[in-house]
1. For region 21-37, give me each residue that is under 18 Å from the mean Cα position of the chain (by Cα) and surrounded by 12 or more Cβ atoms within 10 Å (Cβ to Cβ).
2. Restricting attention to region 57-82, report how many residues are of a type outside the set (Lys, Arg) and over 21 Å from Gln129 (Cα atoms).
3. Restricted to region 43-95, and to residues that are of a type in the set (Asp, Glu) and in contact with a helix residue (DSSP H, G or I) (Cβ under 6 Å, 6 or more places away or on another chain), which residue is surrounded by the most Cβ atoms within 10 Å (Cβ to Cβ)?
4. Being assigned to a helix (DSSP H, G or I) and of a type in the set (A, V, I, L, M, F, W, C) narrows it down to one of Ala61, Ala32, so name that one.
Amino acid sequence: MQITRQADYAVRAMVYLAQLGPDKRAATGQIAQEKCIPPSFLAKIVSQLSIAGLLQTWRGARGGVSLAKPPEAISLLDVVEAIDGPILLNDCVAELSSCKYDDDCPLKSIWCDAQQMLVDHLSKANFGQFVEVAARG
């Protein structure tokens, strides 16, 4: 499994905003330049993150974007799923009836366990932690 380029850009933008500090805004052009994200791509990402309740946006001369919640309250899973949708390692994990071998499949429990471990790991990683790591390094 590989996240999309769009999700990677979203994570980079969110780290940038988290590093600014509480209630700080940044212009999307500034984020795009600092994080090497194509501006048109960033506009779509900002829209999706805003709809998901992860960003606040303001228009006009004093406009920009900021985190809608404290960085500690935003998980890596929140951002990835806002852009790419739910994590899904295999179709059979989402829908029990999607595989004709479901009743006696030797692999289903492996897929389910692996997906749950990934979801758990991403949900425990938050943007407050990323700011701390960046400050140390």
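1. The first filter runs over region 21-37 and keeps only residues under 18 Å from the mean Cα position of the chain (by Cα), leaving 28, 31-32, 35-37.
Once the filter is applied, which keeps residues that are under 18 Å from the mean Cα position of the chain (by Cα) and surrounded by 12 or more Cβ atoms within 10 Å (Cβ to Cβ), region 21-37 yields Thr28, Ile31, Ala32, Lys35, Ile37.
2. Selection size over region 57-82: 6.
3. Checked region 43-95; the qualifying residue surrounded by the most Cβ atoms within 10 Å (Cβ to Cβ) is Asp84.
4. Details: Ala61 fails: assigned to a helix (DSSP H, G or I).
Just one listed residue meets the conditions, Ala32.
Listed here are the residues, each with its yes/no results for (1) in a helix (DSSP H, G or I); (2) at pLDDT below 90; (3) over 23 Å from Gly29 (Cβ atoms).
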residue	(1), (2), (3)
Thr57	no, no, no
Ser66	no, no, no
Leu77	yes, no, yes
Ala82	yes, no, no
Leu88	no, yes, yes
Cys112	yes, yes, yes
Leu118	yes, no, yes
Glu132	yes, yes, yes
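The values are calculated or read from the model by the stated rules, or taken from the named source; none is laboratory data. Note that the structure is predicted; figures quoted are calculated from it, not measured. Using ideal geometry, Cβ is built from the backbone for each residue, glycine included, and neighbour counts are taken over all protein chains shown.
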